[in-house]
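Q: Handing you this structure, nothing more for now.
The values are calculated or read from the model by the stated rules, or taken from the named source; none is laboratory data. Since the model is a prediction, treat every value here as computed from it, not as a measurement. Methodologically, a virtual Cβ is constructed for each residue, glycine included, from the backbone with ideal geometry; neighbour enumeration extends over all protein chains shown. Just so you know, the surface numbers come from the protein's heavy atoms only, side chains and all, with ligands and any DNA or RNA stripped out. Shrake-Rupley method; radii C 1.70, N 1.55, O 1.52, S 1.80 Å.
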Amino acid sequence: MNLALINIKQLVTVPSDGKRVKTGAGMSSLGLIENAAVLIEADKITWIGRMEELSMSSLGEADVLDCLDRVVMPGFVDSHTHLLFAGSRDDEFALRSTGASYREIADKGGGILNTVKHVREASKKDLKKYARGRIGAMLRHGTTTAEIKSGYGLDAENEIKMLEAIRELGHEEVMTVVSTFMGAHAVPPELQARRKEYVGAILNNMIPYVGSKKLAEFCDVFCEKGYFGVDDCRSILEQGKQFGLLPKVHAEELSHTGGAELAAEVNAVSADHLEHVTAAGIAALASKEVVATLLPGVSFFLNHPYAPARKLIDAGVPVALASDFNPGSSMSYSMPLMMTIACTQMRMSPEEAITASTLNAAAALNLSGERGSIEVGKKADAVILNIPNYRYLPYHFGENHVEKVVKNGVVLEW
Ligand code: NIG
Ligand code: FE
């Protein structure tokens, strides 16, 4: 089916110029076209231009979507989520609001292990049911591609249950779903005193199974004191590579551990968090063009320091933004909210925040060749926003400005 988007007041294309990512000053170039139109054939963009260049008679049988002078931009790519979960952590939220820290709550058996208990008790069917509701809401907030991590199972049976659920959601939902194996999210409760045994299970049982069954594209690790050290993370990521899983790292989140340097060393696709990254870590990421995925929702929600976005951008590191949507450290899937926090707390410009949530975020999933920008030949994923210009997206916060979503060339109904 063919589709024409017409009467677009401002089209934000985020042009890749044939590159994988945007860096430095390039992050500010949004490729704006005023009074624009976009033509789509099947799921791909075939033409972009100004309304006056479009001959309406050439549209033939195409469905025409009049965008009524709205802003159109690429669908948002949320490249870091833990959206497959059961249970709630509102009790921990309340404790934090009166002064308890994320680390103190985790040390008492809360945190990730709290959610592990609920996920182990839940069936795959129930996990998918909860996730489906969240995915629908994310689409309505403009997210058209989402990565989902395992990591609340922490044994072979429950990690595989999570990954199968993620794969099935990817087949059943219109959202593009990318799967990440994160067995190294925490040491499971039954092996607290036997961390090495758990790392052995990840290396010798879980990764070979996940890789051979193609249950994930990526392998992620929580490189943090009290979780997994640099050496264990390196072994896990290298073993993942042997089985076709590309490396990602939760790096420098609660303290400085050298996770950023490790990400560069293993040629990770992305290093995520980076609240405590050092100058050496920034230089290492820049040297390998590792995408730095910043998660401002976590700093906001936990009242933690923010990642040094300006230093990263100025050093030439490609920066992406993601929600980290999870029940503990960031209970939000709103990419526009992440952009607002990035602008107000990390001094990113609206242009940089948009690039970081589209093209660079797609690069964090190795998808920037097909998604993350509005360019001829790319998949037609776009959001139609009821705002006067693109700056209003981060500026007018707390409101969902998404009016319509086009996913793979189809206008979604809700
Ligand atoms: O990215 N850091 C580890 N993982 C998540 C938190 C998950 C949780 O608290 O359940 C994060 O912040
Ligand atoms: Fe995370």
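Q: In whole Å, how far is the Cα centre of the range 8-62 from that of the range 351-374?
A: Using only Cα atoms, the two centres lie 15 Å from each other.
Q: Something else about it: What FRET efficiency, computed as 1/(1 + (r/R0)^6) with R0 = 30 Å and r the Cβ-Cβ distance, is obtained for Val411 and Asp90, rounded to the nearest 0.05?
A: E between Val411 and Asp90, to the nearest 0.05, is 0.25.
Q: Also, I was wondering about something else. If the elastic network links every pair of Cα atoms under 10 Å, which of Leu32, Leu163, Leu154 fluctuates the most in the Gaussian network model of the chain?
A: The residue with the greatest mean-square fluctuation here is Leu32.
Q: Report, in debye and to the nearest 20, how large the dipole of the chain comes out about its Cα centre when Lys and Arg carry +1 and Asp and Glu carry -1 on their Cβ.
A: 420
Q: Stokes-Einstein diffusion coefficient for the range 310-414 at 37 °C in a medium of 0.692 mPa s, Rh from the Kirkwood formula over Cα pairs: what value in µm²/s?
A: Taking Rh from Cα pairs, D becomes 223 µm²/s.
Q: Something else now. Given Cβ point charges of +1 (Lys, Arg) and -1 (Asp, Glu) and nothing else, what value in debye, to the nearest 20, does the dipole of the range 85-158 about its Cα centre take?
A: Value, rounded to 20: 380 debye.
Q: Roughly speaking, what is the centre-to-centre gap between the range 137-153 and the range 76-91 when only Cα atoms are used, to the nearest Å?
A: 7
Q: In addition: Using 0.36 nm times the number of residues separating Asn400 and Asn386, minus their current alpha carbon distance, what extension gain do you get?
A: Net length gain for the segment: 4.1 nm.
Q: Let me ask something additional. How big is D for the range 158-290, in µm² s⁻¹ as a whole number, if Stokes-Einstein is applied with the Kirkwood radius of its Cα pairs at 37 °C and 0.692 mPa s?
A: Calculated translational D: 218 µm²/s.
Q: Within 15 Å, Cβ to Cβ, of Tyr333, how many net charges do the neighbouring residues add up to if Lys/Arg are +1 and Asp/Glu are -1?
A: For residues surrounding Tyr333, the net value is 0.
Q: Compare Ala122, Ala36, Ala216 in a GNM of the chain, Cα atoms joined below 10 Å, and give the one with the largest fluctuation.
A: Fluctuation is largest for Ala122.
Q: So what's the gap between the Cα centers of the range 103-122 and the range 228-251, to the nearest angstrom?
A: Between the Cα centres of the range 103-122 and the range 228-251 lies a distance of 23 Å.
Q: Could you work out the local net charge near His80, counting Lys and Arg as +1, Asp and Glu as -1, over the other residues with Cβ closer than 10 Å to its Cβ?
A: -3
Q: While we're here: Averaged per residue, what accessible area in Å² does the chain show with a 1.4 Å probe, protein chains only?
A: Ligands and nucleic acids excluded, the figure is 37 Å² per residue.
Q: On a full-extension model of 0.36 nm per residue, what is the gain between Val376 and Arg347, subtracting their alpha-carbon distance, rounded to one decimal in nm?
A: 7.3 nm
Q: Something else about it: For the charge dipole of the chain, defined by +1 on Lys and Arg C-beta atoms and -1 on Asp and Glu C-beta atoms about the Cα centroid, which residue among Pro189, Phe243, Leu359 has the Cα displaced farthest towards the positive pole?
A: Sorting the options by dipole projection puts first Pro189.
Q: Show me, for the range 364-370, the HN-Hα J-couplings you get by feeding each phi into the Karplus relation (A = 6.51, B = -1.76, C = 1.60, θ = phi - 60°), rounded to Hz, glycine and proline as x.
A: 5, 10, 6, 10, 6, x, 10
Q: For the range 54-194, what is Rg from Cα atoms divided by 2.2 N^0.38 Å, rounded to two decimals?
A: For the range 54-194, the normalised Cα radius of gyration comes out at 1.38.
Q: Where a ≥ b ≥ c are the square roots of the eigenvalues of the C-alpha gyration tensor, would you call the range 121-190 rounded, which needs a/c under 1.5, or, failing that, prolate if a/b is larger than b/c, or oblate?
A: Prolate.
Q: Right, next: Can you run phi through the Karplus equation (6.51, -1.76, 1.60; θ = phi - 60°) for the range 140-148 and list ³J(HN,Hα) in whole Hz, with x for Gly and Pro?
A: 3J(HN,Hα) across the range 140-148, in whole Hz: 5, 9, x, 8, 10, 9, 9, 8, 10.
Q: Continuing with this model, one more query. Each residue of the range 301-308 in order: what ³J(HN,Hα) in whole Hz does its phi give by Karplus 6.51 cos²θ - 1.76 cosθ + 1.60, θ = phi - 60°, with x for Gly and Pro?
A: 6, 9, 6, 9, x, 8, 5, x
Q: Something else about it: Taking only C-alpha pairs under 8 Å that are 6+ residues apart, what is the relative contact order of the chain in percent?
A: After rounding, I find 21 percent.
Q: What length, rounded to one decimal in nm, is gained on full extension from Ser255 through to Ala100, with 0.36 nm per residue of separation minus their alpha-carbon distance?
A: Full extension from Ser255 to Ala100 adds 54.1 nm.
Q: Please state, rounded to one decimal and in Å, the Kirkwood hydrodynamic radius that the range 151-209 gives when every pair of distinct Cα atoms enters the mean of 1/r.
A: Hydrodynamic radius (Kirkwood, Cα pairs) of the range 151-209 is 12.2 Å.
Q: Now for a separate question. Quickly rank 246-252, 156-162 as a protection proxy: mean count of other C-beta atoms within 10 Å, highest first.
A: 246-252, 156-162
Q: I've got another one for you. For helix 112-121, report the angle its Cα long axis makes with the longest principal axis of the Cα atoms of the chain; keep it between 0 and 90° and round to the nearest 10°.
A: Long axis of 112-121 versus the principal axis of the chain: about 80 degrees.
Q: When only Cα pairs under 8 Å and 6 or more residues apart are kept, what is the percent relative contact order across the range 316-406?
A: Across the range 316-406, relative contact order equals 25 percent.
Q: Could I get the Rg over Rh figure for the range 257-377? Both from C-alpha atoms, Rh via Kirkwood, rounded to two places.
A: Here Rg/Rh amounts to 0.95.
Q: Here's a follow-up. Using a Debye calculation, one point per C-alpha and no hydration shell, please list log10 I(q)/I(0) for the range 84-165 at q = 0.23, 0.27 Å⁻¹ in order.
A: Taken in order of the listed q values, log10 I(q)/I(0) reads -1.07, -1.17.
Q: When every alpha-carbon pair in the range 277-327 is counted, what percent end up more than 17 Å apart?
A: 35
Q: Over 20 Å between C-alpha atoms is what I'm after, so list which of Lys129/Lys161; Lys9/Lys404; Lys129/Lys248 land there.
A: Beyond 20 Å between Cα atoms: Lys129/Lys248.
Q: Further question on the same structure: What is the sum of charges around Ala25, taking Lys and Arg as +1, Asp and Glu as -1, for the other residues whose C-beta is under 12 Å from the C-beta of Ala25?
A: -2
Q: Mind checking the dipole of the range 272-396: about its Cα centre, +1 per Lys or Arg Cβ, -1 per Asp or Glu Cβ, Debye to the nearest 20?
A: In total the dipole reaches around 120 debye.
Q: Now a separate question. Given Cα pairs under 8 Å that are at least 6 residues apart, what percent is the relative contact order of the range 255-356?
A: 23
Q: Per the Kirkwood definition applied to all pairs of different Cα atoms, how many angstroms is the hydrodynamic radius of the chain?
A: 21.4
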